[in-house]
Amino acid sequence: MKKHNFIFFIACFFLINSFVIAQNCLPGVTVIETQEMMDNFPVMSSNCKIIEGSLNIGQLTGGSSTVTNLNGLRFIERIKGDLIIRSNYYLTDLSGLNNLIEVEGDVYINGNNTLTSLANFEKLVRVKGDLRITDNIALAEISGFNQLASIEGELYSFGMYNLLSINGFKNLKVLGSLTLSYLQRLENFPVFPNVQYNDSSSIEINSLPKLTSLNNLFGNTNVINSLSIVNCDGLLNIDALQSLEIVKEMIHLQQLPNVTHLNGLGNLKECGTLKLFNLQNVSTLLPLSKCTKINGSLEIVSNPKLTNLKGLENVSPSYMKANLQGYKLVLTSNSSLAVCSEICPIIALPHNEKLISNIKDCATEEKAWVACGLHKCQVGKLNFTTQADIDSFIIKNFDCRYIIGDVCIGDCGPGYVKGSITNLSGLARIDTILGNLTIRNTNNFKMGQFIYLDAIIGDLIVEDNQNISFVNFGNPVTGSLIYRRNAIGNYDVPSLRKIKKIGGSLILEENTGNPTLENFEELTEVGGDIHIVGNKELTYLPRFEKNFRVLGSVIIENNDKLVGIVNRLPVDHIIGNLKYINNPSTVTLNIPIDSIKGNIEIKNIPLFSGNGFEYLAYVGGNFELNNCNSYFFTSLDSIKYI
């Protein structure tokens, strides 16, 4: 049926169009699936030299064609669309394409299991799209393209285990991009002595374990878009890259165990992201000393012989951009890297833009800061008791961003006058405090003035303040958040909405006024306990908008006006104990939790009228009730184990 349809189509086409033009034929997509269709082609398209559309030789969807040769195409000189030769299991060579001069679309030669030769393209001069040669399992050599001068798209070869060499491109001058991937036996790199790439060209060499050299890869190309050489165990050097000066998007070198130096990048001045991963025998980056501009991230990972970063000292951090994980610098698992002071301007980037983990002075971000002298602050406790202390800090410590030690603001020593500290502009440049931050006995203090503070690697202690505001403050607290003895008016809500994680405990103790503390909108984890204790005028618990987990205990105690937990504690699970004691105004508890690994202790809630433990199934310890209204015992049927 397919044969008759094809013949009918060809016949109708030429009856209608032969009077218009005799040299052109076949707009749209023409499919040839059998040898009979191939043999009939010149008869049905007499004098046709230019195919207006695309030509597909082989099966469109699965299976194999019966085409054994392409002699029926011997008059074709030009194809304006694509040329696709796919899944022809009886085709051993491409005889019949000997007169083809140009393809304006892509050329796909894919999955032809018996194809052993491509030596029939002796007149092909130009491919305006891609030339893709993949999965031809019997092909040992790619050759026969000696007249080909231009591949404007990509030369792509993939997944041919028996391919030993790529030759016959001696006249190739224009090549858009090059990808050679998973060619396990390819030993010789293609010879492109005259090729010229452009600034949108990408080069990817991946998993060619027997490849030893990149000679004749680049010609005199100075600028390309990206370069990736990965998993080439036999490669001895990258010297062929010496003409490169700019790589716009990325350089990625990984798993090249026999490469001992990076001299091939000796003329590199600028690149996008630079990734150097698992270069087992590279001990120095000195060849990169001409590079001054990295427009992406710098990622140096698992290079066991690298001892320092000499060669990168001229790179400015001003142009660097974060990767998908948010880091501009990734410097990890380099087991001999003891010094990284060569890149101190990059080490000076904000805490959240760096990931550092190696040894000695480059072991952690903190050690790297100290080695670089970047902290520019005294190591130890800093007390700010006056506005003048804060204002003068930026003058005396202009480059101080990373404070190593505790910081106290407010009533931290002699000379403090409550309300005298009104702004934090002198501390605005600080991005990390490696210690505790204490705010004590201030009036109308605004935490949001810590504009760049990214991390507190310690506790945040807020105590004895009046009307303190957390608006626009959302920094991670590695230690505990301690909010103690603060006076808050009924409408002064210290918003904590941006805080996502508290590494230690959340402690709210002995605050006066009605500290509703609404809007823990982003909190997902408390690493220690939650203590809400002795807040005499607290009527409602903080509002936790997201389900979160508590890795310690939850203790809610001695809050005289607390009416209970009303859809405000969406805890996934509690690792420790749950204690709800001496909150005499409580009328309801609503905690949608299914397991508590410790004890439950509920005491002295005489007004209680209903419980919200209907999901609770597991209690790892004891369940103790004392002086509770009898209503509490309803809806405990869900508990299966105590």
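Points worth noting:
- Global geometry of the range 324-370, whether rounded, prolate or oblate, following the gyration tensor of its Cα atoms and the 1.5 cut on a/c: oblate
- Helical segments meeting 15 Å axial Cα length and Kyte-Doolittle 0.0 threshold in the chain (DSSP H): 2-17
- Centre-to-centre, using Cα atoms only, the range 402-456 and the range 262-305 are separated by 40 Å.
- Descending semi-axes in whole angstrom, ellipsoid equivalent of the range 579-624, from the Cα gyration tensor: 19, 13, 7
- Using θ = phi - 60° and Karplus 6.51 cos²θ - 1.76 cosθ + 1.60, couplings along the range 174-186 (whole Hz; Gly, Pro as x): 10, 9, x, 8, 9, 10, 10, 9, 6, 10, 5, 10, 5
- The smallest convex shape that holds all Cα atoms of the range 176-225, its convex hull, gives 66 Å³ per residue.
- Dipole-positive endmost among Ser117, Asn558, Gly527 within the chain (Cβ charges, Cα centre): Ser117
- Potential extension, Lys501-Asn99 segment - 0.36 nm per residue separation minus Cα distance: 137.8 nm
- Mean separation of Cα contacts under 8 Å (6+ apart) over length of the chain, as relative contact order %: 4
- Relative contact order computed over the range 294-370 (Cα-Cα under 8 Å; 6+ residues apart), in percent: 32
- Of the solvent-accessible surface of the chain, computed with a 1.4 Å probe and all protein chains present, 50% belongs to carbon and sulfur.
- If you sort the three axes of the alpha carbon gyration tensor as a ≥ b ≥ c, you get a/c under 1.5 for the range 268-374, which makes it rounded.
- Here the range 136-164 is scanned for amide nitrogen atoms under 15 Å from the site 7 Å beyond the Cα of Ser117 along Cα-to-Cβ, giving 139-146.
- Heavy-atom accessible area per residue - the chain, 1.4 Å, Å²: 40
- Note on Lys293: lysines with a C-alpha under 29 Å away, same-chain residues under 8 apart excluded, are Lys248, Lys269, Lys275, Lys305, Lys310, Lys321, Lys328, Lys354, Lys360, Lys367, Lys376.
- The distance between label points at Ile394 and Asn472 comes to 1.3 nm (points 7 Å beyond Cα on the Cα→Cβ vector).
- The label-point distance for His573 and Asn198, in a model that sets each label 7 Å from Cα toward Cβ, rounds to 5.8 nm.
- Cα→Cβ-extended label distance, 7 Å offset, between Leu324 and Tyr452, nm: 3.0
- Mean sequence separation of contacting Cα pairs (under 8 Å, at least six apart), scaled by the length of the range 326-473, corresponds to a relative contact order of 18 percent.
- The mean of 1/r over all distinct Cα pairs in the range 87-147, once inverted, gives the Kirkwood hydrodynamic radius of 11.8 Å.
- Distance from the Cα centroid of the range 320-368 to that of the range 169-197 is 36 Å (rounded to whole angstrom).
- Residue order by solvent-accessible surface for Tyr452, Tyr197 is Tyr452, Tyr197, largest first, with ligands and nucleic acids left out and a 1.4 Å probe.
- The solvent-accessible area of Glu154, taken with every protein chain present and a 1.4 Å probe, is close to 40 Å².
- Put simply, the chain fits an ellipsoid with semi-axes of 69, 35, 21 Å; these come from the alpha carbon gyration tensor as the roots of five times its eigenvalues, largest first.
- Cα gyration tensor, the range 28-158 - rounded (a/c under 1.5), prolate or oblate: rounded
The values are calculated or read from the model by the stated rules, or taken from the named source; none is laboratory data. Predicted model only: the values in this text are computed from it and were never measured. Cβ: placed from backbone, ideal geometry, glycine included. Neighbour counts: every protein chain shown. Ligands, DNA and RNA are stripped out before the accessible areas are found, and what is left, the full protein with its side chains, is counted by its heavy atoms. Shrake-Rupley method; radii C 1.70, N 1.55, O 1.52, S 1.80 Å.
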